[in-house]
1. Residue check, residue 182 against (1) over 16 Å from residue 48 (Cα atoms); (2) touching a residue at least 24 places away in the same chain (Cβ under 8 Å); (3) in contact with a Gly (Cβ under 7 Å, 6 or more places away or on another chain), all met but one. Which one?
2. For residue 83, indicate whether it is touching a Leu at 6+ places or on another chain (Cβ under 7 Å), under 28 Å from residue 171 (Cβ atoms) and not β-branched (Val, Ile, Thr).
3. What do you reckon, is residue 122 in contact (Cβ under 8 Å) with a residue 24 or more places away in the chain and surrounded by fewer than 22 Cβ atoms within 10 Å (Cβ to Cβ)?
4. Looking at the structure I just gave you, is residue 196 surrounded by 13 or more Cβ atoms within 10 Å (Cβ to Cβ), in contact (Cβ under 8 Å) with a residue 12 or more places away in the chain and outside any helix (DSSP H, G or I)?
5. Hey, could you check the range 136-156 for residues that are among the aliphatic types (A, V, I, L, M) and out of contact with any helix residue (DSSP H, G or I) (no Cβ under 9 Å at 6 or more places or on another chain) and say which is surrounded by the fewest Cβ atoms within 10 Å (Cβ to Cβ)?
6. Tell me which residues, restricted to the range 54-70, are buried (at least 21 other Cβ atoms within 10 Å of the Cβ) and charged (D, E, K, R).
7. Taking the criterion of being in the same structural domain as residue 178 (by TED's automatic domain parsing), closer than 24 Å to residue 196 by Cβ and at pLDDT 85 or above, would at least one residue in the range 88-96 satisfy it?
8. In the range 99-106, is there at least one residue being part of a loop (DSSP other than H, G, I, E, B) and at pLDDT below 90?
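The values are calculated or read from the model by the stated rules, or taken from the named source; none is laboratory data. Remember, predicted model here, so these are calculated numbers, not experimental data. Neighbour counts run over all protein chains shown; Cβ positions are idealised from the backbone, glycine included.
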Amino acid sequence: MHPKPKQKCNFLIMLASLSKILVPLILFSQIAGCTSLYHLTEEEQSSIMTGEKALVLMRVKCIIDSQLYEPFSSSLFNDNVTFGLGTFETVGEPIFVSNRYFSDESRRAGWTYLLLQPGTYYLTVRPPQRSNWKAYEAMLKTGPRWRIDIPSQTRLLYVGTISFTGQGDPLLFGGVILRAINDNNVTIEDDQELASKLLSTYYPGAGGVKTIFMQRWKPEDSIIIRSTPPAAVN
């Protein structure tokens, strides 16, 4: 007995809908399976202390309809403001990168960090992933970018607070979710005093905090692709 055309159509629609949910979840589970969102492994902590990698701290502030919006309301990425990162390997083209946090409290306050080798990177900030994964990946490549420079021997680095306004959509059970960012109204603010306190609380033995604010990259600017080998730490 063969299914009717209408049943086939409904089944295909259901599969397409599920793929929008399952593909990001599978990707996230793979990332989460290798990377803790809250705790650095011993190997990662060692890489910071030796200068192999830097803990790159930033903050996100967002206002929707004159109300402060919580950018990282959940530990699951598809509810949050997300990042794309262009690297030496991607020739500067941003691809999805997982946000990491110190704690629930710091996450809700908009703080997040990346663990990166010294070099030059290109960061884009985008709304939560609400479409299929292919469309989301395309959106990462069209967003505005900021250049991040990480010198050798850098252990702790604060690159600024990304502040912007945006438009939201109402959620079924109240509240809103960010739908669009006003890309022409994005500024980098200075919260380095708070950043230093946060980093000294969680990593008191890693030394002082460097501050190098990320710089807005424009399409007419050249792309600097540099992966700098870390110098030895005495």
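1. (2)
2. yes
3. Against the criterion (in contact (Cβ under 8 Å) with a residue 24 or more places away in the chain and surrounded by fewer than 22 Cβ atoms within 10 Å (Cβ to Cβ)), residue 122 does not qualify.
4. Against the criterion (surrounded by 13 or more Cβ atoms within 10 Å (Cβ to Cβ), in contact (Cβ under 8 Å) with a residue 12 or more places away in the chain and outside any helix (DSSP H, G or I)), residue 196 does not qualify.
5. Step by step, filter the range 136-156, then rank; the result is 138.
6. 59
7. No, the range 88-96 has no match at all.
8. Yes, the range 99-106 contains at least one residue that is part of a loop (DSSP other than H, G, I, E, B) and at pLDDT below 90.
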